[in-house]
Every structure is written in structure tokens, then in C-alpha cells.
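**Q** Can you keep this structure in mind? I'll have questions shortly.
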Amino acid sequence: MTLIDGKALSATIKEEIAAEVEKIKAAGKKVPHLAAVLVGDDPASAVYVRNKVRSCEKVGFKSTLLRRPADVSEDEVLELVQQLNEDDDIDGFIVQLPLPKHINEEKITLAIDPRKDVDGFHPVNVGRMALGLPCYLPATPYGILTMLERYGIETSGKHAVVIGRSNIVGTPMSILLSRKSKTGNCTVTLTHSRTKDLPAFARSADIIIAAIGIPEFVKGDMVKEGAVVIDVGINRVEAPDRPKGYKLVGDVAFDEVAPKCSFITPVPGGVGPMTVTSLLLNTLKANRKEVYR
Ligand code: GUN
């Protein structure tokens, strides 16, 4: 069994990005610049955004954090998005989700210029992904594909079972794994809460992507010998013996499943660290105008 070390891989890729930034500087070109909009004071969102800004600094990108109070109007956020769309110094930006209830997330996402949508959430980027055209891939699927590629995991002809159909993980993963590409060519089954006998599908999988948001949902008897298991879950469960009173577990019962796997990602330290790295890679692509001319 090989543990897929997302933390180490993420650090390696950040070093590679930093080296690219040095080349950009040496050539006298503009360094990549990411902006992040954070509305309100949701503690988890604040942590995520701080992590994104810090990661920018680490690789030598410019970053701009734009904070607005929770009672900011939808129109004001739309205006801010418009300013960022038009600001030539900013290569890409994100609006951290969730937004307060009075702001329509779909409306905000649609207002972002697809050329600067480094989250890959705009329907233009989602559509381009589905068609196999150049696009910004959403961070989590992009991170998973990078792990598969860098660990040399063969996907062609394999049966991939995706558990969970969210817009940001399950659905894009099912599309990407089935595409004619280096980390594609799988036969994909997309399973979800209404799937009948989900364990039977899981047992026939060569590759499992667990993204259903239920702690330790994937048990040992749902995984075949030699499977590759990618755990996207981050669930807080009570743990009175831990200093904080809780611990983080994935969507996979790691101790039962790991001994059967050829490859498995841990939680924490698996998929999670790869997501910010994917955002940096998208920002680098935006800076180089690799996706849109
Ligand atoms: N909230 C949770 N994950 C994400 C993400 O990847 N991007 C944005 N914008 N908001 C999020």
C-alpha cells in the first residue's frame, strides 16, 4: 500500500511554481496576481482565504484580499466583481463561498469574467471542461488528477466509482475521469444518495473517489483488493480524548480500507493540501494566458 502524500506533493509543486515565478521576474514580466473576496466573518472561510493568500506569498505571487462586512449589498459585491474583471493587474480572482443568504451566489459567479475565474465555477468553464476544451479546472478535481498523474496511477480502462454528485467534486470528477486524456479513459459510475446497492458498485471499482460528506462511509468490505482510494471528505467528529475535543476524518474508514489498497490518500494531508496548489496553478495559467488568449 502506498500512501499518497498530498502535503509533500503540494510542497513540491509550490517549489516548481516558485521557480516559474523567478523566471517570470527574470524576463521582466508581470508576476501572477490573485485576488480573493471574503464577505462576512465565517471562521472557516476566513481560514481558507488566509491559507490561499499565504500560499501566494510563499510562491512569490502578488495577492489582494478584499474583505466586506456580512451586510454588504449584492449590488456592491457585483460592482466589486466588475472592478476586478476590469483590473488589468489582476490575473484571476475568487469570491469565497458561502456568501451571506441575501446574496445570490449564482448571480455573483455569473458576473465573474470566465477568463479570470480561477475557481473554475463559471458555467463557461464548466461547459468547456465537459467538452474537453482549455479551461480552469475546479481546485479539488484538479488536485486529484495531479495526484493520479504524479503517482503514475494508470486510469485507462479502469472502473472508477465516484461517490457523491456535488457540482464542485463528484460531477466534475465523473466527467474528467471519463474523458479521452492522460488521467481519463476510465469507465465511470457516478453514485449518490439514491443509488441502490452502492456497496456493490464500490466493490467493483478499481478507483474510488469518495466525496459524499459522510464520516467513514466507505468501509473495508466495500473495497476490492488493490483498489486506489481517493478520500475527499473532511468531517469533524467528536473525540473527547483529543485536545480540541474533535478530530478530522474522511469519507473513508481509513484503518479498515488502507490495508486493501494499492494507493490511498490520508485525511488530513491528502486531497486537502492539493486544492490551494491547484488554485495557484490556475492563477499561473491565467497570468500566462494559457487558457484564454
Ligand atoms: N468554499 C469552499 N471551497 C471553495 C472554493 O474552492 N472556492 C471558493 N470560492 N469558495 C469555496
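**Q** Does Pro134 meet the test of being modelled with pLDDT of 95 or more, more than 11 Å from the ligand (Cβ to nearest atom) and touching a His at 6+ places or on another chain (Cβ under 6 Å)?
**A** no
**Q** Separate question: Quick check on Ala258: is it surrounded by 15 or more Cβ atoms within 10 Å (Cβ to Cβ) and over 30 Å from Met129 (Cβ atoms)?
**A** Spelling it out, Ala258 is indeed surrounded by 15 or more Cβ atoms within 10 Å (Cβ to Cβ) and over 30 Å from Met129 (Cβ atoms).
**Q** I'm told Ile17 meets every condition in (1) surrounded by 18 or more Cβ atoms within 10 Å (Cβ to Cβ); (2) among the aliphatic types (A, V, I, L, M); (3) within 16 Å of the ligand (Cβ to nearest atom) except one. Can you identify the failing condition by its number?
**A** (3)
Residue-wise test of (1) among the charged types (D, E, K, R); (2) more than 13 Å from the ligand (Cβ to nearest atom); (3) at pLDDT below 95.
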site: Ala70; (1), (2), (3): no, yes, no
site: Gln82; (1), (2), (3): no, yes, no
site: Asp88; (1), (2), (3): yes, yes, no
site: Gln96; (1), (2), (3): no, no, no
site: Asn104; (1), (2), (3): no, yes, no
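Results for (1) at pLDDT 95 or above; (2) closer than 19 Å to Gly170 by Cα; (3) exposed (fewer than 13 other Cβ atoms within 10 Å of the Cβ); (4) not polar (S, T, N, Q), shown as yes or no for each residue.
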site	(1), (2), (3), (4)
Ile212	yes, yes, no, yes
Glu216	yes, yes, no, yes
Ser262	yes, no, no, no
Tyr292	yes, no, no, yes
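**Q** Now for a different question. Before we move on, is Lys52 assigned to a helix (DSSP H, G or I), surrounded by fewer than 17 Cβ atoms within 10 Å (Cβ to Cβ) and within 16 Å of the chain's Cα centre (by Cα)? I'd like the intermediate steps shown before the answer.
**A** Numbers: assigned to a helix (DSSP H, G or I): yes; surrounded by fewer than 17 Cβ atoms within 10 Å (Cβ to Cβ): no; within 16 Å of the chain's Cα centre (by Cα): yes.
Here the answer is no, as Lys52 does not meet what is asked.
The values are calculated or read from the model by the stated rules, or taken from the named source; none is laboratory data. In this text the structure is predicted, and so the values were computed from the model without any measurement. Here Cβ is always computed from backbone atoms with ideal geometry, including for glycine, and neighbour counts include all displayed protein chains.
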